[in-house]
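Worksheet: one structure, shown below.
Just so it is clear, none of the values below were taken in a lab; they were calculated from the coordinates. Keep in mind that what you see is a predicted model, and the values were worked out from it rather than measured. Here the Cβ positions follow ideal geometry from the backbone for every residue, glycine too, while neighbour counts run over all protein chains shown.
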Protein chains: 2
Amino acid sequence: MRKHFVEELEDLKQRVMYMGGMVETAVHRSVHALIDRDQSLADSVIREIEPEINALELQLDQDCLRLLALQQPMAVDLRFLAAVLRITNDLERIGDLAVNIAQAVGRLLANPTPRPLVDFPLMAERTKWMVRAALDALFRRDVALARQVLITDDEVDALRDQIFRDIIQHMIQAPDTVERGLSQIFVARNLERIADHATNVAEDVIFWVEGVDVRHHTHDHAGQS
Amino acid sequence: MRKHFVEELEDLKQRVMYMGGMVETAVHRSVHALIDRDQSLADSVIREIEPEINALELQLDQDCLRLLALQQPMAVDLRFLAAVLRITNDLERIGDLAVNIAQAVGRLLANPTPRPLVDFPLMAERTKWMVRAALDALFRRDVALARQVLITDDEVDALRDQIFRDIIQHMIQAPDTVERGLSQIFVARNLERIADHATNVAEDVIFWVEGVDVRHHTHDHAGQS
């Protein structure tokens, strides 16, 4: 029985990693659809990847509840299942946010090419790194890596502030860019929220491995919007 | 033992309701701080209410895990505890969003009074209703009420779209209002996200009572940002 349960937990973790891989793909494609103005790449996020992410969330949650009910896990295993319940939710939200970015591609293509944002590719890279690192930390039970994710979130927030200032400045000088500028602001906000959810995953990894709830201690998630 | 567990679940629910009451207060105060330009009301959300909400989330999650570990709940009780784990997270996020709104008060006070938004009070009222109704549905196991919350979310989204159009129009005509307009857009976005989290709570109530996972079926949470 005990052996079997260990295998079930390992299998669950593998499937969370698979869901995480889909989520990484969604973020990667939506960002590159935006940078390369590629509508079909954006469409693949909206029509193919996000529905699969949603289905995976429902399945994984059911499996978590089944394991909780049948196996009466204790201590670290219980924390793992509780963490997975939260992590699947965060991953699904990242999928939603990637869809938001993908949807912005259509709006931006309908307008003249907006002024490129110097800091945007860097912000996208840091955000993608956070998602990847949070998942790696989960896979390897790597608390040190999880803590690096928490620190990197501050960097992403600073980049967002810089991007916002840049866009607002430009909107004031050139009012005909207000709508495009807002689309860019929304994209930056979505990236920032993806980084927040990656932070949540990292916090759940720390909670799972160390039994310490670091939410509300290391980090303040409140942003401007 | 069984009797004791029933009491523990009831006690947990009462404390979720208490947390919900704090969250309602946070939303109410932040909205009214904004409408009445009342900095001290905004400060009370930031300094007093939100930290208490955070502390309640950590406590309630711990109690949930303890009950999961010690009581080996099945079926409806297991679903209840899984729902509470998610609901406390949604309530805590609503607290964060109320803080975001409260923080906007300071920025708006530093500038000339912005043009009042006709639809804003209505959007705030509908959002507050959703939070209250989702909590009532939880308290009374009222699935019909929970479904009304899901429907009302579409109304809030439509109000947000109207507010966005109104502000963007004005920003284009009067570029010196860009920053104030953006603050108003962020506030409307925060309200909309509060409504989304109330929707999540309502979905969890349906899941708890009926065992049906309605996420990704009735409703699409993806918004513009």
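Just a few scattered comments:
- At 7 Å out from Cα toward Cβ: B:Gln14 inter-copy label distances (nm, ascending): 4.7
- Isotropic mean projected area of the C-alpha convex hull, chain A (nm²): 12.1
- Calculated from backbone phi, Karplus (6.51, -1.76, 1.60) coupling profile of the range B:61-69 in Hz, x at Gly/Pro: 4, 4, 5, 4, 5, 4, 5, 4, 6
- Using a Förster distance of 35 Å, the FRET efficiency for B:Val6-B:Gln39 (Cβ separation, nearest 0.05): 0.15
- Angle of helix A:120-140 to the longest C-alpha principal axis of chain A, folded into 0 to 90 degrees and rounded to 10: 0°.
- Distance (nanometres) between label positions extended 7 Å along Cα→Cβ at A:Met74 and A:Val118: 5.9
- Here the extension length gained between A:Asp136 and A:Met17 equals 42.0 nm, from 0.36 nm per residue of separation less the Cα-Cα distance.
- Along the range A:79-92 the Karplus relation, 6.51 cos²θ - 1.76 cosθ + 1.60 evaluated at θ = phi - 60°, assigns HN-Hα couplings of 5, 4, 5, 5, 5, 4, 4, 7, 5, 4, 5, 5, 5, 5 Hz to successive residues, with x for each Gly and Pro.
- More than 21 Å apart - percent of Cα-Cα pairs taken over the range B:59-145: 51
- Residue order, fewest to most surrounding Cβ atoms within 10 angstrom, among A:Ser40, B:Ser183: A:Ser40, B:Ser183
- The simple Förster model, with R0 at 41 Å and r as the Cβ-Cβ distance, assigns A:Glu48 and B:Asn54 a FRET efficiency of 0.60.
- C-alpha center-to-center spacing [the range A:130-148, the range A:46-66] in angstrom: 22
- Ellipticity at 222 nm from helices only: DSSP H runs of n ≥ 4 in the protein assembly as shown, each -39500 (n - 2.57), divided by the residue count, give -29000 deg cm²/dmol.
- Normalised contact order of the range A:2-210, rounded percent, pairs of Cα under 8 Å and 6 or more residues apart: 28
- Taking every C-alpha pair closer than 8 Å and separated by at least 6 residues, the mean separation divided by the residue count of the range B:108-225 gives a relative contact order of 35 percent.
- Pair A:Glu155, A:Gln169: separation of 7 Å Cα→Cβ label points (nm): 2.3
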